[in-house]
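Novice: This is the structure I have questions about; it appears just below.
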Amino acid sequence: MNVFDIIGPVMIGPSSSHTAGAVRLGRVAWKILEEKTVRADISLSGSFAQTYRGHGTDKALVAGIMGMHSDDERIRRSLALADEEGLVYSFKALDIRDAHPNTARIHLKGENGAECTVQGASIGGGNILVSEINGMEVSFTGQYNTLMVLHYDKPGTIAAVTNFMAYSGTNIGNFRLSRPKKGGEAVMTIEVDQDVDESLIQSLRILPNVINVILIRAI
Amino acid sequence: MLDYNSIAAICEAAKQKQTTISALVLSDQAEQMEIPEEKLYERMKKSLHVMQEAVKEGKNPDIRSTSGLTGGDAAKVESYAHTGGITGKFLNHAMARAVAVSEYNAAMGKIVASPTAGSCGILPGTVVSMLEEGRCDEHAAVMALFTAGAIGMVIAAKASIAGAQGGCQAECGSASAMAAAALVELAGGTPAQAAHACAMAIKNQLGLVCDPVAGLVEIPCIKRNVSGIAIAFTSADMALAGVESKIPVDECILAMRQVGDMLPCTLKETSQAGLAATPTGILLKKQVFGEI
Ligand code: SF4
């Protein structure tokens with residue numbers, strides 16, 4: 001904890017969990033899709049389902065899906081901006097078993113046909129807990145800079161990634177692997193202490209068997 | 001390095017180094033975060049500017065929250081403040097600032113959570129008031145936010161700053177305690193006096209429950225930001241007058257934690273009791289969610 005966790009974050013109101021956290025969840029999905037979103041179908045569970053309108057959670061999620069940060073003043077107008085940009089969105093209530101009360105499941109379609117599904121919860125103070133990406137179980141909070149490395153489960157891939165990070169002087173605080181099927185698509189979630197350089201991400205991206213590398217910055 | 005586990009220890013360190021809490025905390029944070037002091041100062045200055053902008057925007061009479069439940073009261077308080085009211089122009093203008101920022105937050109405006117969005121009007125209501133009423137310069141106001149931040153860090157470590165965990169004493173109570181210490185520093189008081197002001201502010205909000213109508217950060221949150229600044233100002237003035245809190249501040253924080261733990265879940269942000277569960281509270285909730 002540092003002094004800016006108390007005097008901060010700078011954010012769009014009214015609630016760190018219902019707006020700031022929701023923007024960040026949307027943004028994670030946006031980052032994973034990596035192309036212009038044309039359609040967003042959002043399912044909300046628990047208290048999100050009941051209170052999303054009064055809190056502006058709908059605007060916050062759509063703003064995140066459009067790539068905005070949680071202090072972007074356009075969040076207030078995000079639904080109108082989405083209409084202007086031709087982003088079609090829908091909200092529905094969904095009972096997700098055993099999910100945190102503020103859970104959203106976001107399904108995106110991109111202009112070139114890419115799709116992704118992200119499930120996560122806003123767990124307070126603007127922090128999030130992402131639990132599922134494209135059907136793969138993950139677990140990261142966004143409290144630390146987090147690298148998500150989508151890759152093919154092939155021998156040497158993890159070693160190559162972590163070695164490269166060690167070489168660049170990046171200290172790994174937490175590492176988790178999710179591998180639904182041996183040899184198939186898998187994801188490493190790596191929480192790091194320091195800032196992450198764009199050049200590190202680019203270098204990791206071109207390693208063999210790495211499909212994509214996404215950085216989710218800490219608040 | 002400071003460990004932010006005890007306000008007494010921070011005051012003692014400031015006394016030994018013959019410096020203010022803010023200067024001590026700024027240099028410590030620079031060391032801990034491995035970022036130069038000037039950069040941290042600049043970042044804090046930006047936060048102060050966000051607060052000032054929110055004060056200005058929030059006074060717009062047409063401002064309304066997303067739910068439609070609140071908005072427009074800051075403008076009323078602001079125009080009344082010119083009369084001096086009962087408590088004088090200074091406090092009335094400060095009240096207008098606290099309402100303005102809280103209403104702006106509810107209207108999806110840009111604010112600084114300090115420590116939370118629900119209590120975001122309290123530091124602007126106090127520290128920005130000192131600045132805008134000519135009681136201090138910008139540098140002092142920025143520094144005072146470091147003092148406030150340090151108090152908040154100790155409360156977060158030893159008790160809580162989340163309504164869902166500790167009730168509203170943890171949000172508006174903490175913000176008010178942070179503001180009280182910052183005000184003492186701004187008025188030229190000692191670190192020990194800041195700690196006493198902080199203790200008095202906590203004592204005055206101990207047990208405050210979190211019971212937001214319809215689960216929205218509006219009713220009663222906005223008005224609690226006003227009582228939060230009033231308590232901060234009076235606690236600071238008491239401490240500056242030489243009044244001491246018989247219960248040391250760190251023990252007050254532990255009491256806050258104990259009380260927070262004992263509060264039932266229904267009074268910790270779940271909107272199942274208190275003001276949220278009054279007939280009018282329930283009616284407003286139904287209105288907001290389109291059930292009537
Ligand atoms: S009542 Fe609850 S939601 Fe409102 S300011 Fe207090 S702690 Fe925050």
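Novice: Going by what's in this entry, would B:Asp211 be described as within 24 Å of B:Gly72 (Cα to Cα), modelled with pLDDT of 95 or more and not β-branched (Val, Ile, Thr)?
Specialist: Taking the combined requirement at face value, the residue satisfies it.
Novice: Something else about it: Provide a single number: the residues in the stretch A:34-50 that are part of a helix (DSSP H, G or I) and buried (at least 24 other Cβ atoms within 10 Å of the Cβ).
Specialist: The total comes to 1.
Novice: A further question follows. Provide a single number: the residues in the stretch B:202-215 that are more than 8 Å from the ligand (Cβ to nearest atom) and touching a residue at least 60 places away in the same chain (Cβ under 8 Å).
Specialist: The qualifying residues number 3.
Novice: Taking the stretch A:108-130, which residues are more than 23 Å from B:Gln165 (Cα to Cα) and either within 14 Å of chain B (Cβ to nearest Cβ) or within 12 Å of the chain's Cα centre (by Cα) (or both)?
Specialist: Matches in the stretch A:108-130: A:Cys116, A:Thr117, A:Val118, A:Gln119.
Novice: State all residues of the stretch A:131-150 that are part of a strand (DSSP E or B) and in contact with a Pro (Cβ under 9 Å, 6 or more places away or on another chain); if no residue qualifies, say none.
Specialist: Passing the criteria: A:Met136, A:Glu137.
Novice: Would you mention how many residues in the stretch B:43-73 are more than 10 Å from chain A (Cβ to nearest Cβ) and hydroxyl-bearing (Ser, Thr, Tyr)?
Specialist: 0
Novice: Another question, if that's okay. One residue is enough: does the stretch A:3-19 have a residue meeting the conditions modelled with pLDDT of 95 or more and more than 26 Å from B:Glu53 (Cα to Cα)?
Specialist: No; the residues of the stretch A:3-19 include none that is modelled with pLDDT of 95 or more and more than 26 Å from B:Glu53 (Cα to Cα).
Novice: Next question. Among B:Ile247, B:Ile219, which is the only one that is within 16 Å of the ligand (Cβ to nearest atom), modelled with pLDDT of 95 or more and not in a helix (DSSP H, G or I)?
Specialist: B:Ile219
Novice: Would you mind stating whether B:Ile202 is within 14 Å of chain A (Cβ to nearest Cβ) and not in a loop (DSSP other than H, G, I, E, B)?
Specialist: So B:Ile202 fails the test.
Novice: Tell me the residue from B:Val127, B:Val99, B:Val112 that is away from the ligand (no atom under 16 Å from the Cβ), in contact (Cβ under 8 Å) with a residue 60 or more places away in the chain and buried (at least 24 other Cβ atoms within 10 Å of the Cβ), please.
Specialist: Going through B:Val127, B:Val99, B:Val112 in turn, the sole match is B:Val127.
Novice: Quick one: would you say B:Val128 is away from every other protein chain (no Cβ under 12 Å) and touching a Gly at 6+ places or on another chain (Cβ under 9 Å)?
Specialist: no
Novice: Any residue at all in the stretch A:5-23 that's out of contact with any helix residue (DSSP H, G or I) (no Cβ under 8 Å at 6 or more places or on another chain) and surrounded by fewer than 24 Cβ atoms within 10 Å (Cβ to Cβ)?
Specialist: No - not one qualifying residue is present in the stretch A:5-23.
Novice: Now, a different point. Residue check: is B:Gly85 away from the ligand (no atom under 14 Å from the Cβ) and either free of Cβ contacts under 8 Å to residues at least 12 places away in the same chain or within 30 Å of A:His18 (Cα to Cα) (or both)?
Specialist: Criteria met by B:Gly85.
Novice: Answer yes if at least one residue in the stretch B:227-241 is more than 30 Å from B:Ala74 (Cα to Cα), away from every other protein chain (no Cβ under 14 Å) and without any contact (Cβ under 8 Å) to a residue 40 or more places away in the chain, and no otherwise.
Specialist: Within the stretch B:227-241 (the criterion being more than 30 Å from B:Ala74 (Cα to Cα), away from every other protein chain (no Cβ under 14 Å) and without any contact (Cβ under 8 Å) to a residue 40 or more places away in the chain), the answer is yes, since at least one residue qualifies.
Novice: Now for a separate question. Does B:Ala179 satisfy being surrounded by 24 or more Cβ atoms within 10 Å (Cβ to Cβ), in contact (Cβ under 8 Å) with a residue 60 or more places away in the chain and within 16 Å of the ligand (Cβ to nearest atom)?
Specialist: It is false that B:Ala179 is surrounded by 24 or more Cβ atoms within 10 Å (Cβ to Cβ), in contact (Cβ under 8 Å) with a residue 60 or more places away in the chain and within 16 Å of the ligand (Cβ to nearest atom).
Novice: I need a count of the residues in the stretch A:30-59 that are more than 14 Å from every other protein chain (Cβ to nearest Cβ) and in contact with a Gly (Cβ under 7 Å, 6 or more places away or on another chain).
Specialist: So the answer is 6.
Novice: Would you point out the residue of the stretch B:4-42, among those that are modelled with pLDDT of 95 or more and in a loop (DSSP other than H, G, I, E, B), that is nearest to the other protein chains (Cβ to nearest Cβ)?
Specialist: B:Tyr4
Novice: Moving to a separate point now. For residues that are surrounded by fewer than 20 Cβ atoms within 10 Å (Cβ to Cβ) and farther than 15 Å from B:Ile219 by Cβ, tally how many sit in the stretch B:51-80.
Specialist: Of the residues in the stretch B:51-80, 11 are surrounded by fewer than 20 Cβ atoms within 10 Å (Cβ to Cβ) and farther than 15 Å from B:Ile219 by Cβ.
Novice: Considering only the stretch B:222-244, state which residues are surrounded by fewer than 22 Cβ atoms within 10 Å (Cβ to Cβ), among the polar types (S, T, N, Q) and more than 16 Å from the ligand (Cβ to nearest atom).
Specialist: Listed by number, the list holds a single entry, B:Thr234.
Novice: Still on this structure: State which residue pairs qualify: first residue within 7 Å of chain B (Cβ to nearest Cβ) and inside the stretch A:8-22, second residue basic (Lys, Arg) and surrounded by fewer than 24 Cβ atoms within 10 Å (Cβ to Cβ) in any location, beta carbons under 8 Å apart, and separation of 6 or more residues or different chains.
Specialist: That search, which allows pairs on different chains as well, returns A:Val10/B:Lys46; A:Val10/B:Lys110; A:Met11/B:Lys110; A:Ile12/A:Arg76; A:Ile12/B:Lys110; A:Gly13/B:Lys110.
Novice: Quick check: is even one residue across the stretch A:172-185 surrounded by fewer than 18 Cβ atoms within 10 Å (Cβ to Cβ), farther than 17 Å from A:Gly26 by Cα and within 15 Å of the chain's Cα centre (by Cα)?
Specialist: No, there is no match, as no residue in the stretch A:172-185 is surrounded by fewer than 18 Cβ atoms within 10 Å (Cβ to Cβ), farther than 17 Å from A:Gly26 by Cα and within 15 Å of the chain's Cα centre (by Cα).
Novice: I'm trying to understand the selection: among the residues of the stretch B:146-159, which are within 10 Å of chain A (Cβ to nearest Cβ) and surrounded by fewer than 24 Cβ atoms within 10 Å (Cβ to Cβ)?
Specialist: B:Ala156, B:Ala157, listed by residue number.
The values are calculated or read from the model by the stated rules, or taken from the named source; none is laboratory data. What you see is a predicted model; the values in this text were computed from it and never measured. All Cβ positions, even for glycine, are placed from backbone atoms using ideal geometry, and neighbour counts span all protein chains on display.
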